[in-house]
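A short write-up of the structure that comes next.
The values are calculated or read from the model by the stated rules, or taken from the named source; none is laboratory data. These numbers were taken from a predicted model, which means no experiment stands behind them. Methodologically, a virtual Cβ is constructed for each residue, glycine included, from the backbone with ideal geometry; neighbour enumeration extends over all protein chains shown.
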Amino acid sequence: MVSTRFKCPICEFTCGRKKKFNDHLIKTHTFSSIEDAYIQIYLNGVVPICQCNICTITPTFISWSKGFRKFITGHNGNIYTSYNIDKANEISKRRSKALIGRVGWSKGLTKETNTSIKKASKTRQQTVQAQYNNGDRVAWNKGLTKECDSRLLAQSINMKKKYTSGVLVPWAKGLTKETDNRILQMSYVVSETLKKSDLQTRLNLFKRLSKEEIKRRLTIGAPHLELLTNLDDYTRDRDKNLIFKCKVCDYIQKKSLLSALSDRCEKCNPIGSKQQIEIDRFIRSMNFETIMCTRDLINPYEIDIYVDSKKFGIEFNGLYFHSELFKNRQYHSDKTSMCKKIDVRLMHIFGDEWREKQDICKSMIAHKLGVYETTIYARKCIVKPVSYKVRKKFFNDNHIDGDVKSTHAIGLYLGDMLISCMSLRRPYHKKYKGKLEVARFCMKLRTHAPGALSRLTKHAMTYCKANGFTGLLTYVDMRLGSKNGYLSAGWNYLGETSNRFWWTDGRSRIDRFKIRADKANKITEKEMAESLGVVKIWGCTNLIFSKNNS
């Protein structure tokens, strides 16, 4: 038996063990994973996508020798969307020829008559449902209509012809409750519903809100809608019998009280969550035109808010529907990568950030759109050490992730006002031993300080030399930033980490280090999370930069 030898394509290293070879690529050549190494070396940095020509999902990585699969599970069935017509016909003939004279073991059997088929059917159903839930499988016609897709239009025309010609007939045609038991049961349901409607009307009278309460709720919850209806017409909060006028565009619309409290105009903001609409209105207040929920750029994915003039987009991540229950670990990272390919900057905002740190979010959005209240050049400031109390307050007030423990902090001061701050600490990873890590760096809200990063980096390097450190290290979250600022400041790009994650209960995020396995009691991380009622919510990768002493 001849053992497989793994040879590094970058250096002369060879070995016979896959794990040792993988560790060599990751540790010696600073790749974030074996998949990342394969992509960078053999695919020129281009992440492969499923070859079904419908979705843009990355297929499974098999191994170093085999690379990635061509398709994700289930997407190689429709060969006519995956290959040209000649290749597809060739595959079809080859499959047909292979089946001639063969009889499947399950021919004539159903899940009602065979336990093996029943078990396989249930397993398949669970597998497919899980794939749809985590995004690994996407319906080919999701988001399409017959107005924009020729295949759906052809299906619609074909079905209409079949019903018109009589090939297809509605199942209930010609049947009555006297002749068919199914229709009889339906008539009972309708009858009972109608009987209950009178009771529901009486109950609604007890649940009616007073006119003062309705006005109070609308004042707080719908400041952009003006009520035109006499409140004598109000019945209950779900009835669509109130008329409103949008204070922005003067569009008149009929809504229920419950719908009106979303403060959404059917013309200005026809789609999107309430938080998305708030972000959209903030951007519009700075005189930028926006597009809500567009699929034109990274189809089939959607950009929640897009500013075409700045090639800038925002992805609003509600904590429940963007958790691991509904979105896989690559979802947000894939969106960011797809936007990067078309030169669009995508910023991710989590629901708890918009709720609890809205001023910081607004300042970051305005900064990315080039809107500032104040511009202060770094060369006009002086650099001084920052005390623990000042550092903590500054980062909690100005940094999206708040303050974190550090050993030293320096800041740019204009007089007594702290304009920008950088804190330093020892890195967690042993492979970066000897360096100092930039734990936090940010500007004062709504302030633009050109040259701040370069100047603080220079002083941090001086501090490193004086205290026996070999240089600096930092991480940049791809959901918020990019590599351009650090490259301009003289930093060196090292690579990328795996996707960042937090835990969430649907309302807030919890740091990933706060929920870990309890080895002493033999409780796994998953069991610990389940006992606390939390699930993972994934972010994007971190970019790694370093700067060494010259």
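Structure values in brief
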read-out	value
Sole exception among (1) at pLDDT 90 or above; (2) in contact with a helix residue (DSSP H, G or I) (Cβ under 8 Å, 6 or more places away or on another chain) for residue 468, by number	(2)
Exclusive hit being under 22 Å from residue 543 (Cβ atoms) and at pLDDT 85 or above, set 60, 28	28
The range 313-347, residues that are over 24 Å from residue 507 (Cβ atoms) and either small (Gly, Ala, Ser) or in contact with a helix residue (DSSP H, G or I) (Cβ under 6 Å, 6 or more places away or on another chain) (or both)	313, 337, 346
Candidates 525, 530, 496, filtered to the one that is surrounded by 13 or more Cβ atoms within 10 Å (Cβ to Cβ), without any contact (Cβ under 8 Å) to a residue 24 or more places away in the chain, in the same structural domain as residue 466 (by TED's automatic domain parsing) and of a type in the set (Asp, Glu)	525
Residues located in the range 435-461, provided they are more than 24 Å from residue 358 (Cβ to Cβ), out of contact with any strand residue (DSSP E or B) (no Cβ under 8 Å at 6 or more places or on another chain) and not polar (S, T, N, Q)	451, 458
Residue in the range 38-47 that is touching a residue at least 40 places away in the same chain (Cβ under 8 Å) and not polar (S, T, N, Q) present	yes
Residues of the range 482-493 that turn out to be part of a loop (DSSP other than H, G, I, E, B) and either without any contact (Cβ under 8 Å) to a residue 40 or more places away in the chain or surrounded by 17 or more Cβ atoms within 10 Å (Cβ to Cβ) (or both), as a count	2
Residues that are in a helix (DSSP H, G or I) and closer than 20 Å to residue 273 by Cα, drawn from the range 207-258	217, 218, 219, 220, 221, 257, 258
Some residue of the range 105-125 being among the aliphatic types (A, V, I, L, M) and surrounded by fewer than 12 Cβ atoms within 10 Å (Cβ to Cβ)	no
Any chance residue 100 is without any contact (Cβ under 8 Å) to a residue 60 or more places away in the chain, hydrophobic (A, V, I, L, M, F, W, C) and under 21 Å from residue 51 (Cα atoms)	no
Scope the range 502-522; condition surrounded by 15 or more Cβ atoms within 10 Å (Cβ to Cβ) and among the aliphatic types (A, V, I, L, M); matching residues	510, 515
Subset of the range 432-453 (residues that are in contact with a helix residue (DSSP H, G or I) (Cβ under 7 Å, 6 or more places away or on another chain) and assigned to a helix (DSSP H, G or I))	452, 453
Within the range 10-43, considering residues that are out of contact with any strand residue (DSSP E or B) (no Cβ under 9 Å at 6 or more places or on another chain) and surrounded by fewer than 12 Cβ atoms within 10 Å (Cβ to Cβ), the one farthest from residue 65 (Cα to Cα)	27
Qualifying positions in the range 231-246 - loosely packed, with under 14 Cβ neighbours inside 10 Å and over 19 Å from residue 211 (Cβ atoms)	none
Condition met for residue 263 (outside any helix (DSSP H, G or I), closer than 23 Å to residue 292 by Cα, in contact (Cβ under 8 Å) with a residue 40 or more places away in the chain and of a type in the set (Asp, Glu))	yes
Any hit, the range 24-35, residues being within 28 Å of residue 338 (Cβ to Cβ), among the acidic types (Asp, Glu) and touching a residue at least 60 places away in the same chain (Cβ under 8 Å)	no
Of all residues making up the range 1-30, the number that are of a type outside the set (Asp, Glu) and in a loop (DSSP other than H, G, I, E, B)	14
One residue from 138, 169 being farther than 28 Å from residue 71 by Cβ and in contact with a Phe, Trp or Tyr (Cβ under 8 Å, 6 or more places away or on another chain)	169
Pair list, Cβ < 6 Å and 6+ apart or interchain, from the range 160-177 residues that are surrounded by 10 or more Cβ atoms within 10 Å (Cβ to Cβ) to residues that are modelled with pLDDT of 85 or more and in a loop (DSSP other than H, G, I, E, B)	162/168
Among the residues listed as 333, 363, the single one being more than 20 Å from residue 274 (Cα to Cα), outside the structural domain of residue 506 (by TED's automatic domain parsing) and buried (at least 19 other Cβ atoms within 10 Å of the Cβ)	333
